[in-house]
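The values are calculated or read from the model by the stated rules, or taken from the named source; none is laboratory data. This is a predicted model, so every value here is computed, not measured. With ideal geometry, Cβ positions are generated from the backbone for all residues, glycine too; neighbour counts draw on all protein chains shown. Accessible surface areas use protein heavy atoms only, side chains included; no ligands, DNA or RNA. Shrake-Rupley method; radii C 1.70, N 1.55, O 1.52, S 1.80 Å.
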Amino acid sequence: MRTELGRAAGFFNFIEVVLWPAMGLLLAVVGWRRSGVLRRDFLIAAAILIAFGTSDAFESHYGDEWWRPWWLLLWKAACVLALVALLWNAWHRRRLSRTAGAIP
């Protein structure tokens, strides 16, 4: 028997199954209208969010526990690390472009 908290977690997980891929599709649409590095980064971020939402579907199948089985934890960690790496690269690229435009 699931507790109220367990049912709430399951409901929230169901929302995530829809939310992450929806945000990914939105990023894909926005990214497709860009060019160059921005397009690439937007499309990569979109794919990561869709993969993260898919992992939530698997999570709901395994009792709404993101740490079990072990490969689900690795899947989610890989998605988070990929997003962090993407943000780090964007931040670094912006910092370099600002530095290059500065007067010595």
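So that you can scan it fast, the table gives a plain yes or no per residue for (1) in a helix (DSSP H, G or I); (2) open to solvent by 40 Å² or more (accessible area, probe 1.4 Å); (3) farther than 28 Å from PHE11 by Cα; (4) not acidic (Asp, Glu):
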{"residue": "GLY31", "(1), (2), (3), (4)": "yes, no, yes, yes"}
{"residue": "ARG34", "(1), (2), (3), (4)": "no, yes, yes, yes"}
{"residue": "ALA46", "(1), (2), (3), (4)": "yes, no, no, yes"}
{"residue": "ARG68", "(1), (2), (3), (4)": "no, yes, no, yes"}
{"residue": "LEU72", "(1), (2), (3), (4)": "yes, no, no, yes"}
{"residue": "LEU87", "(1), (2), (3), (4)": "yes, yes, yes, yes"}
{"residue": "ARG95", "(1), (2), (3), (4)": "yes, yes, yes, yes"}
Condition broken by ALA57, with the remaining ones in (1) within 24 Å of GLY6 (Cβ to Cβ); (2) part of a helix (DSSP H, G or I); (3) without any contact (Cβ under 8 Å) to a residue 40 or more places away in the chain satisfied:
(3)
Please count how many residues of the range 34-57 are polar (S, T, N, Q) and farther than 15 Å from LEU19 by Cβ.
1
So which of ALA100, ALA77, ALA51 ends up being free of Cβ contacts under 8 Å to residues at least 40 places away in the same chain and crowded, with 16+ Cβ neighbours inside 10 Å?
ALA51
So which pairs qualify, if the first residue must be in the range 9-27 and closer than 14 Å to ALA57 by Cβ, the second must be open to solvent by 70 Å² or more (accessible area, probe 1.4 Å), the Cβ gap must be under 8 Å, and the two must be at least 6 apart or on different chains?
GLY10/ARG2
